[in-house]
1. Lys143: which aspartates and glutamates have alpha carbons under 15 Å from its alpha carbon, excluding same-chain residues fewer than 8 sequence positions away?
2. Please give the contour-minus-distance gain from Val32 to Arg370: 0.36 nm per residue of separation, less the Cα-Cα distance, rounded to one decimal in nm.
3. Would you mind counting up the charge near His266? Only other residues with Cβ under 14 Å from its Cβ, with Lys and Arg at +1 and Asp and Glu at -1.
4. Hey, can you rank 258-268, 207-217 by average C-beta count inside 10 Å, highest first?
5. To the nearest 20 Debye, how big is the dipole of the chain about its Cα centre, given +1 on the beta carbon of each Lys and Arg and -1 on that of each Asp and Glu?
6. Say each of Arg302 and Phe495 gets a label point 7 Å from the Cα, pointing the same way as Cα to Cβ; how far apart are those two points in nm?
7. Give the lysines reachable from Lys101 as a straight Cα distance under 22 Å; neighbours fewer than 8 places away on the same chain don't count.
8. Calculated FRET efficiency, Ser342 and Lys408, Cβ-Cβ r, R0 51 Å, to nearest 0.05?
Amino acid sequence: MNQHVNLPPGLQFPEDIVFTGYAAPVRIEGEVHDLEVIGRIPPELEGIYIRNSADHAYPPLHGKDIFLNGDGMVHSVRMQNGHADLTMRYVRTRKFELERKARRALFGAYRNPFTDSPEVEGEDNNTANTSVLWHHGKLYALKESGRPYEIDPNDLTTRGQSDFGGQLTSRTFTAHPKIDPENGDCVAFAYNCEGVASDEIEVYVIDKEGQFKSTERFKAPYCSMVHDFMVSRNFIAFVICPMVCDWERVKRGEAYWHWDSHKLTHIAVIPRDQGVKAIRWYTAPRAVMQTHTFNAWDDGSRLVLDHFVTASGWLSQFPDIHDPHAHEMPPFGERWVVDLASAGSEVKIERFINHIGEMPVVDNRFSMRRTRHFWFGTNHPESWPMLPPGPKGPPFTCLGHFDEQTGKIELFYAGPDSSPEEPCFVPRSPDAEEGDGFLMTMVGRRAENRTDLVILDARNLAKGPLAVIKFPCRVHEGFHGIWVPGNALGSDRGF
Ligand code: V55
Ligand code: FE
């Protein structure tokens, strides 16, 4: 409770779910060397775990905001010889720099330039807050509404906005690029290529030196949020969901996205060897929203898409245009099968992980082919109590591991008042078999207002942590992270 309601407003964050409790802005930058370690960090773990988060630097211009609109704050935990060091640093976006100078928020609602202060008209609102990409020896902070920001992997300082040396034609770039494990190509895309409400999508192949091998453009059936996509050995697939953007609504100052369940969910299938000229469109049997993807694979006659899917949009943030009272539905793990041989356009849907979950992960050395192991964040209310909902809904209490060969799901329960975040798989060695390695995740210790990084045996989650790396403070809840092996960073980085 705010006990100072009789004082005039100064610099205060709102008293709502986005800005209080474990979700409250942290805003602290710096380093902590030699974190406390309970147990033993496996000696194979030599490298840096890096992840992105949305940590509002200033109270919102219009009194409230959604959590997706916080400023990009990158956290890294560098591990070597059983030691761990934490670094936390804001991405120096144009938005961050302008607001820091003004000592207040200047940009308004999520991605809506019509709600910004006049003094930042025409300025880039990118928060760079969603994920990080390590490719061609460079680290980038990504947000789907703008261009990448290059970050120094050593100290997380910002080198500047990047268009990959003039090669990126879109004004935007996805936060979910995929690396092809066979040749190191980065397969990526951009939507809203021409800015607000644009229905243009571009597809890129970037080689391991950072050179664009191809840029191709196609039009979506309507403008919608294309947060993630899927790549198999031979195909690229986009699931176009009716989380729509309409220029007139944006111009009136409304939310950037609305859920329109009267529209169809479309699937675009693009053969990687032929590109967008050979695009084929399929339709899902009902209007649903893809949240995040595990992986895709094909076997000549079928294209298989494994992902989390919800029967509604993200209604707590982006309203339903037909039913303002509609409830947000939880995501389940679904397998969508596209029959490549058939002339029809329907996809077959099965619930292949019958758990509410999100933040799906596979062993990326085996992605684009059929994988055996699947990890995700989840809950198991029959065994362990749910936690009070935060801005993203109920926090996870568990991580799950689905072994498709045995058909079993094994859970790691993080403990009372504890919430794991997106897991990150790290192989034990470059040539270890699929799934042989570690799963690491930030864990919110909510009662203590603190965060840990927990390391598990990826194929034995129920055994509990191999190591718990304790932070002396809370770091803001995040979205997506990666592991960069020390040998990829080179000896000039101290590895
Ligand atoms: C997502 C996250 C975003 C965003 C749009 O997780 C979609 C989905 C952190 O920002 O802007
Ligand atoms: Fe995401």
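1. Once the sequence-local aspartates and glutamates are set aside, what remains near Lys143 is Asp55, Asp71, Asp124, Asp163, Asp228.
2. Result: 117.7 nm gained on full extension.
3. +1
4. Going by the mean number of other Cβ atoms within 10 Å, highest first, we get 258-268, 207-217.
5. The dipole of the chain has a size of about 220 debye.
6. 3.8 nm
7. Reachable lysines: Lys64.
8. The pair Ser342/Lys408 has a calculated efficiency of 0.95.
Only the coordinates and a few stated rules stand behind these numbers; no lab work does. Here the structure is a predicted model, which is why all the values come from computation and not from measurement. Methodologically, a virtual Cβ is constructed for each residue, glycine included, from the backbone with ideal geometry; neighbour enumeration extends over all protein chains shown.
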